[in-house]
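K.L.:
Take a look at this one; I'll ask things after.
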Amino acid sequence: MYVNGFQDISGDEHGVRLSAVRGFRVAETLLEQGSGRVNEDTLHTDDFRSIVCDGATSLGTAAIPLDAATSGGRRAALITAEAFAEHDDLLVCARRANDAIRAEMLQNGIDFNRRESLWSTSFAAVDFSGGSCTWCQTGDCVILVIYDDKTSEILTGIPGQDREVLKTWQRIGPNASLTIHQELAEEIGAVRKMMNRDYGVLNGEEAAMDFLAHGSIETELVTDILLFSDGLFPPSRNPDEEFSREWFVDHYLRGGLQAVRDRVRGLQQDDPGCYRYPRFKYHDDISAVALKRV
């Protein structure tokens, strides 16, 4: 299936495609809407490149002058996936995406002085077209590699910009009559205004380019390369806890991305109030790609 001119395999949750170089294949993909009205995640894969994108809902009543089927976050994610479908250098693609997000926001009358209203997306991408594995990332999408000896590594740090808000929600949530977005709207808006100040996203601002992480990895000892959005993060009772890489890898090695997804959703299902495992949605959107050595 093609969306806006680029290939989107969202209809196939277990897509398989051989990579033309370096002996890796796309072994599994997940793209699933959470409990929100719009899926703001998307992904793209082809013979050389994979990317996952996690758009963020714009805040404020004037932030989304779009129809009911989309949102600013979804548009930012789709624009980014489309930009990375062109086989240019990953940093070139990131700039193209950021500029395109800015242009479309200007066309829709978004006020750049209201930073919480800006369309934004995190992303993580890997590319094999140069004969090696290069990568680029910003925000809270993750690139995780697993080695022959079952050890693993996350290529970049995971920003914790929402920790204080989530700790507050964990404390007041059991007694709240409103949702986290209603109860803590001011605190959530303050965090959003720190985009490309404290943490990175593509949102049309020039400062977004300063927060890009990128590099290359040797793949001789790598068995799996995983890209995924925070919808696949293990739920935690303590917002201060670091991402549990061991938990994630253990479930993945037992049953792939689907096993991780099933366990995450199962834990969330037992916490409909979203305060035992503090989070913003009952179920978050998920985008994920598993590349496996042939």
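K.L.:
Please list, ordered by first then second residue, the pairs with beta carbon atoms under 8 Å, 6 or more apart or interchain, first in segment 170-189 and closer than 11 Å to residue 273 by Cα, second at pLDDT 90 or above and of a type in the set (Ser, Thr, Tyr).
P.N.:
That search, which allows pairs on different chains as well, returns 170/275; 173/275; 174/275.
K.L.:
Which count do you get for residues in segment 250-289 that are more than 18 Å from the chain's Cα centre (by Cα) and of a type in the set (A, V, I, L, M, F, W, C)?
P.N.:
4
K.L.:
I've got another one for you. Taking the options 177, 236, name whichever one is surrounded by 14 or more Cβ atoms within 10 Å (Cβ to Cβ), polar (S, T, N, Q) and closer than 24 Å to residue 268 by Cβ. Lay out the reasoning, then the answer.
P.N.:
Details: 177 fails: surrounded by 14 or more Cβ atoms within 10 Å (Cβ to Cβ).
It is 236.
K.L.:
Looking at segment 108-162 only, could you name the residues that are under 21 Å from residue 253 (Cβ atoms) and assigned to a strand (DSSP E or B)?
P.N.:
124, 126, 133, 142, 143, 144, 145, 146, 147, 152, 153, 154
K.L.:
Identify the residue in segment 219-239 that is touching a Lys or Arg at 6+ places or on another chain (Cβ under 7 Å) and among the polar types (S, T, N, Q) and, among all such residues, is farthest from residue 278 (Cα to Cα).
P.N.:
This residue is 219.
K.L.:
While we're here: Give 200, 215, 231 a once-over and let me know the one that is in contact with a strand residue (DSSP E or B) (Cβ under 9 Å, 6 or more places away or on another chain), closer than 19 Å to residue 158 by Cβ, at pLDDT 95 or above and surrounded by fewer than 14 Cβ atoms within 10 Å (Cβ to Cβ).
P.N.:
Just a single option satisfies the conditions, and that option is 215.
K.L.:
If I filter segment 264-280 down to residues being in contact (Cβ under 8 Å) with a residue 24 or more places away in the chain and not in a loop (DSSP other than H, G, I, E, B), which single residue comes out as nearest to residue 28 (Cα to Cα)?
P.N.:
Within segment 264-280, the subset in contact (Cβ under 8 Å) with a residue 24 or more places away in the chain is 264, 267-268, 271, 273-280.
In the following step, the residues that additionally are not in a loop (DSSP other than H, G, I, E, B) were identified as 264, 267-268.
On the way: 264: 17, 267: 22, 268: 23 Å.
Checked segment 264-280; the qualifying residue nearest to residue 28 (Cα to Cα) is 264.
The values are calculated or read from the model by the stated rules, or taken from the named source; none is laboratory data. No experiment lies behind these values; they were computed from the predicted model shown. Here Cβ is always computed from backbone atoms with ideal geometry, including for glycine, and neighbour counts include all displayed protein chains.
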